[in-house]
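One structure is given here, and the rest of the page talks about it.
The values are calculated or read from the model by the stated rules, or taken from the named source; none is laboratory data. Everything quoted here is computed from the prediction, not taken from an experiment. Don't worry about glycine lacking a Cβ; one is built from the backbone with ideal geometry, like all the others, and counts go over all protein chains shown.
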Amino acid sequence: MNRLTDSFLKTIKTEFVADFISQEPGDLEAFGRDWTKVVAPCPSAIVFPRTTDEVSRFLKLCSTEKVAVVPSGGRTGLAGGAVAANGEVVLSLVRMTKMGEVDALAQTVRVQAGAVTEAVHRHCEEKGLTWPIDFASKGSSQVGGNISTNAGGVKVIHYGMTRNWVLGLQVVTMDGTVLELNGALEKNNTGMDLRQMFIGTEGTLGVITEATLKLVRVPRELNVFFFALTDIAAVFRLFLEARQAPFTLMAFETLTHNCLEIVCDHLKLKKPFDSNSGAYALVEFERPVSDSGREDLDRWLESLFEKQLVTDGVLAQSKREARELWSLREMIGEALFTAGLVHKNDIALPIAELKKFIDEMYQMYSQQYSTMEVYLFGHLGDGNLHVNTMKPDSMDQVEFLRQAKKVDHDLFTLVKKFNGSVSAEHGIGLLKKDALAFSRTPQEIEIFRQFKHIFDPQGLLNPGKIV
């Protein structure tokens, strides 16, 4: 563990406010980790700036003193991207939560990077607008973290990834330089778009301190369905039907029966259907504003049963019921964590290859890892699958982790075969560095390193992440 020098600590205490730094064991434990359980936190201190100026002065001091820094947001990632494992100082943005006035004409809002996603939603809804980045962790994830990981979520099929909804950034590089990138411009064809350099690079090139977010109107009435289907193949047939429906498709999620079992046990909820099915789909539409909207919806639902695309279905009749149906999908991750030791993978495939990939993946598990039960769920509408395995009761932890490492190699080899990505949403961080080559060429990885050297030549900012 790196030890902070007396001169460094003295400078912190004399040039920053009294509560700027903490070395309390509770803070070190809480802010030194993210949702990753595999890598233990070991930070030397946590700092809590409130302004971009404090971030700038702090990073300049760390650059001079050669102190490594890990930027930290809501810490909801699952790749170890916000873990301080080697004595780094954690720079937490938890106190940078200011949100500016919503500009209803431009449909934008300027916020500090520590603003919580759900708080931004509430702030903008007063003007009938929203920042359309939405996922299960919205109550704790922060805007800066969302941007630095280019977060996805449950509405990517309609809105796309986070980078689509960021007009401008304020970023501080490791030497303390403050960059204002693109402001609130919709159009700006003046060379390289440096703003995009800091989106999705996990805080390895600079610390995002403020962002100008692009907004959209709050969707009209939403219809949430939960369908039972015979198997995953039937889910794909339903997906095609949903794509062609006379409604705006907002989300299309899927899960296997064992996922439904474990999440219902965790939430103490009654299962939506009396009989079990091979797979389920959660589908959300924005109902069109028309006199025939309800009739169109009823006809579409009838057609699903006439074509034998689904075996059963539930339509939420209230916002409460809609939230309950969404919880059956969004709370699977938490349910798995609670149930025992789980090994998680977050992969993406071209949508056209999803069916073939899933067939081959299950064949791989059946032939080579038959003792491991696969819990499959994800954002089928955008090609993102979450492939999870639970440690069997009969297998000890060491053997399970050894097997999981072998599974990863074979799973990622299959992902590469279908031109997919080993990380759809949570980035590379610490945990997937060895897997990066399954999705990126040596030439691309070398360019990553060159950019890292340009922005952080001493390798002090979020060191050891990605490359």
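Is it the case that some residue within the stretch 190-200 is modelled with pLDDT of 95 or more, more than 30 Å from G100 (Cα to Cα) and of a type outside the set (D, E)? Checked the stretch 190-200: no residue is modelled with pLDDT of 95 or more, more than 30 Å from G100 (Cα to Cα) and of a type outside the set (D, E).
Pairing residues of the stretch 164-184 that are modelled with pLDDT of 95 or more with residues that are outside any strand (DSSP E or B) and of a type in the set (F, W, Y), at Cβ distances under 8 Å and at least 6 apart in sequence or on separate chains, gives W165/W131; W165/Y159; L169/F198; V171/F198; T173/F455; M174/F455; L181/F198. Pairing residues of the stretch 93-104 that are surrounded by fewer than 16 Cβ atoms within 10 Å (Cβ to Cβ) with residues that are outside any loop (DSSP other than H, G, I, E, B) and among the charged types (D, E, K, R), at Cβ distances under 8 Å and at least 6 apart in sequence or on separate chains, gives G100/R110.
Show me the strands (runs of 3 or more DSSP E) found entirely inside the stretch 150-264 where at least 2 residues are closer than 26 Å to N388 by Cβ. First the steps, then the outcome.
Numbers: elements: 166-172, 178-181, 207-214, 222-229, 248-256.
Hits in the stretch 150-264: 222-229, 248-256.
When G73, G87, G80 are checked against the criterion of being surrounded by 17 or more Cβ atoms within 10 Å (Cβ to Cβ), within 15 Å of L461 (Cα to Cα) and in contact with a Lys or Arg (Cβ under 9 Å, 6 or more places away or on another chain), G80 stands alone in meeting it.
Before we move on, is R323 in the same structural domain as F227 (by TED's automatic domain parsing), charged (D, E, K, R) and in contact (Cβ under 8 Å) with a residue 40 or more places away in the chain? I'd like the intermediate steps shown before the answer.
Values: in the same structural domain as F227 (by TED's automatic domain parsing): yes; charged (D, E, K, R): yes; in contact (Cβ under 8 Å) with a residue 40 or more places away in the chain: no.
Answer is no for this residue.
Please list, ordered by first then second residue, the pairs with beta carbon atoms under 6 Å, 6 or more apart or interchain, first in the stretch 367-383 and assigned to a loop (DSSP other than H, G, I, E, B), second hydroxyl-bearing (S, T, Y). Here the result reads M372/T389, each pair linking the stretch 367-383 to a residue that is hydroxyl-bearing (S, T, Y). Taken over the stretch 13-29, the criterion of being surrounded by fewer than 17 Cβ atoms within 10 Å (Cβ to Cβ) and either in a helix (DSSP H, G or I) or not assigned by TED's automatic domain parsing to the domain that holds K66 (or both) is satisfied by K13, T14, E15, P25, G26, E29. Residue pairs whose Cβ atoms lie under 8 Å apart, sitting 6 or more positions apart in sequence or on different chains, and linking a residue in the stretch 402-419 that is under 13 Å from D434 (Cα atoms) and of a type in the set (S, T, N, Q) to a partner that is assigned to a helix (DSSP H, G or I) and modelled with pLDDT of 95 or more, are T413/F438. Only one of the listed residues (F337, F273, F305, F357) is buried (at least 18 other Cβ atoms within 10 Å of the Cβ), among the aromatic types (F, W, Y) and at negative phi. That residue is F357. Among the residues of the stretch 347-385, the ones that are touching a His at 6+ places or on another chain (Cβ under 9 Å) and at pLDDT below 95 come to 4 in all.
Working only within the stretch 110-129, note down all residues that are farther than 14 Å from K98 by Cα and buried (at least 19 other Cβ atoms within 10 Å of the Cβ). L129 - this is the single residue of the stretch 110-129 that is farther than 14 Å from K98 by Cα and buried (at least 19 other Cβ atoms within 10 Å of the Cβ). Any residue at all in the stretch 53-64 that is crowded, with 17+ Cβ neighbours inside 10 Å and part of a loop (DSSP other than H, G, I, E, B)? Within the stretch 53-64, none of the residues are crowded, with 17+ Cβ neighbours inside 10 Å and part of a loop (DSSP other than H, G, I, E, B).
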